[in-house]
Amino acid sequence: MFKLGWFIDGYSPKTWRGPWSGRVKTEWAGSSFWEDACRGLERGGFDCVFVEDTSMIDDTYKGTMETALRFALEAPKNDPLPLLPLLARATKHLGVVGTISTIQYHPFLAARLGVTLDHLTEGRVGLNVVTSVSHRVAQNFGMEKMIDHDLRYEMAGEWMDACTALWNSWEDGALVLDEDKPVYADWTKVHPVDFQGKWFRTRGPLNNPPGPQRRPVIAQAGQSSGGRNLAAQQADLMLSIARTPEQMKALREDMNRRLISYGRDPNDFHILFLSSIFLGWNQRDAEDRNAAFEGGKTSEEWIETQLWLLSYLSGGEIDYSRYGLDDPFPQELGNGQVSTFQHILANNPGATMREVLESRDQLQGLTFIGDADSVSEQMHDAISETGGPDGYLIMSTEDMITRKNIAEITDGLCATLRKKGYIRDGYARDTFRENLNDNQ
């Protein structure tokens with residue numbers, strides 16, 4: 001049985017003008033659209049919804065914010081963390097994961113917020129811990145430029161150590177709740193942590209008691225060696241890009257080695273592989289849908305938005321508008337999502353800019369095409385290669401998140417997956433972590 005998550009590319013108007021978008025261009029800033037989406041995901045048996053975030057408007061591409069704001073690319077965007085309790089209130093079992101940055105939140109603030117969200121969601125919150133990538137983000141938080149990639153991950157490890165110490169600052173049984181004595185909490189079971197690291201210091205203890213999970217589910221998306229080590233040490237859940245079952249298997253084997261070296265059980269660690277699905281009434285219908293999408297990759301709009309995306313992913317260091325479409329794809333990595341560019345270069349030796357831009361799976365992983373029966377078998381066969389308690393993080397079909405394409409997956413594909421026993425047919429546990437680790 002494999003896991004399912006749905007990736008939302010930011011609390012933003014992602015599909016503000018596409019087919020079946022309804023009133024998303026204004027509705028996105030509230031909660032009703034996202035609540036509808038999450039009710040559908042829970043109906044389909046998804047483990048979680050995952051909301052990405054960033055805190056800036058990027059102007060790397062051509063040196064202006066024009067393209068970002070013209071197409072609503074990563075902006076405008078609301079903070080996803082306050083949205084999570086509303087999504088949890090609209091559902092009963094679905095895990096809700098929001099993004100939090102180690103350079104934007106001090107460990108005490110992050111740990112306290114994580115516990116608060118755990119209470120508000122009744123044990124269904126997860127935190128996607130990121131290091132942020134862009135110079136513009138760094139400048140919004142008082143720095144001149146973004147910290148070097150490898151150092152960011154070293155700092156993130158210490159940040160997580162500080163948060164963990166704070167989450168453990170209340171012992172089990174610290175809450176007495178005796179009205180007669182009276183004793184609300186036993187002060188001898190609440191302890192300062194006196195954490196002093198190289199970059200972070202915090203005295204503690206937290207001034208709020210542990211939530212149902214004590215420690216929120218931790219997700220991590222870095223694919224570099226530093227990112228993998230951080231995930232192996234601290235995370236419950238890892239997001240990954242792979243293009244083939246062989247790459248999926250290789251990542252799982254590498255992570256198993258890292259997990260064991262840190263004294264962890266690989267069965268408690270889950271990898272979700274980014275995936276797109278083109279679902280049709282039959283194979284021909286699905287292939288036509290995919291072909292229509294692929295056909296749009298030669299348009300001026302596609303080229304511009306993809307050049308913008310690469311510029312953004314570089315961390316604000318490389319303006320891809322300066323390269324010709326038939327030039328070789330540059331070998332620069334920038335200081336942003338380094339592992340993403342390593343992935344592109346490794347899978348496209350000698351490729352031109354145009355060839356990379358027209359290959360959608362370079363940035364978004366696996367693609368499944370077919371009717372519900374065919375896609376379910378493709379997904380089952382691929383995940384069987386990993387040998388782990390893994391699954392898929394589904395991207396919006398045809399780059400859109402609408403009520404229609406969510407229903408196609410949750411009420412179409414998921415019904416077949418459930419019938420075949422490939423995904424859960426209900427939620428046996430109370431908390432996100434317990435359901436995530438329920439591999440039966």
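Laboratory data are not the source of any read-out in this text; all were calculated from the coordinates shown. Quick caveat: nothing in here was measured; it's all calculated off a predicted structure. Neighbour counts are summed over all protein chains in view; Cβ atoms, including those assigned to glycine, are modelled from backbone coordinates with ideal geometry.
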P(r) of region 31-155 in 10 Å steps, Cα pairs, percent per bin? 12, 36, 32, 18, 2
If you place +1 on the Cβ of every Lys and Arg, -1 on the Cβ of every Asp and Glu, and leave all else neutral, what size is the dipole of region 118-240 about its Cα centre, to the nearest 20 Debye? 480 debye
Most packed first (mean Cβ within 10 Å per residue), the peptides 293-303, 161-171, 415-425 order as 161-171, 415-425, 293-303
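Can you give the net charge of the other residues whose Cβ lies under 15 Å from the Cβ of TYR262, counting K and R as +1 and D and E as -1?
Charge balance near TYR262 sits at -1.
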Roughly what % of DSSP beta bridges within the chain run antiparallel, to the nearest 5? 15 percent
Cα-Cα pairs above 14 Å in region 253-313: how many percent? 73 percent
Please give every one of the lysines within straight-line cross-link reach of LYS181, meaning a C-alpha to C-alpha distance under 20 Å, and leave out same-chain neighbours fewer than 8 residues apart. LYS189
Selected from ALA165, LEU127, ASN207, residue furthest toward positive end of dipole (region 125-254; charges at beta carbon): LEU127
What number does the chain give for Rg over Rh if you use C-alpha atoms and the Kirkwood radius? 0.96
Dipole of the chain [Lys/Arg +1, Asp/Glu -1 at C-beta], most positive-end residue of ILE147, ASN290, GLN342: ILE147
Note the full-extension length gain between GLN139 and LYS92 as 0.36 nm times their separation in residues minus their Cα-Cα distance, in nm to one decimal. 13.0 nm
Seen from all sides and averaged, what is the projected area of the convex hull of the Cα atoms in region 219-265, in nm²? 3.0 nm²
To the nearest 20 debye, what charge dipole does region 26-73 have about its Cα centre, counting +1 at the Cβ of each Lys and Arg and -1 at the Cβ of each Asp and Glu? 140 debye
Two-site FRET efficiency, LYS419 against GLU355, from Cβ-Cβ distance with R₀ of 56 Å, rounded to 0.05: 0.90
Among all the lysines, which ones have a C-alpha under 24 Å from LYS297's C-alpha, if same-chain residues fewer than 8 places away are not counted? LYS14, LYS25, LYS62, LYS404
Among PHE432, PHE329, which comes first, then next, by fewest other beta-carbon atoms within 10 Å? PHE329, PHE432
Taking alpha-carbon centroids only, region 188-259 lies from region 1-68 a number of Å equal to 24 Å
Put +1 on the Cβ of each Lys and Arg and -1 on the Cβ of each Asp and Glu in the chain; which of ILE260, HIS270, CYS38 then has its Cα farthest toward the positive end of the dipole? CYS38
Fraction of alpha-carbon pairs in region 145-254 farther than 24 Å apart, rounded to whole percent, equals 44 percent
Can you sort ASP148, ASP47 by how many other beta carbons sit within 10 Å, fewest first? ASP148, ASP47
With a 10 Å Cβ neighbour count serving as the proxy for reagent exposure, in which order, fewest first, do HIS191, HIS343 appear? HIS191, HIS343
Roughly speaking, what is the centre-to-centre gap between region 388-440 and region 110-167 when only Cα atoms are used, to the nearest Å? 27 Å
Hey, got the dipole for region 247-372? About the Cα centre, +1 on K and R Cβ, -1 on D and E Cβ, debye to the nearest 20? 540 debye
Summing -39500 (n - 2.57) over every DSSP H run of at least 4 residues in the chain and dividing by its residue count gives a helix-only mean residue ellipticity at 222 nm, to the nearest 500 deg cm²/dmol, of -11000 deg cm²/dmol
Straight-line reach from LYS92: which lysines have Cα under 21 Å away, leaving out those fewer than 8 places along the same chain? LYS3
Using eta = 1.306 mPa s and T = 10 °C, Stokes-Einstein with Kirkwood Rh from Cα pairs puts D for region 1-81, in µm² s⁻¹, at 114 µm²/s
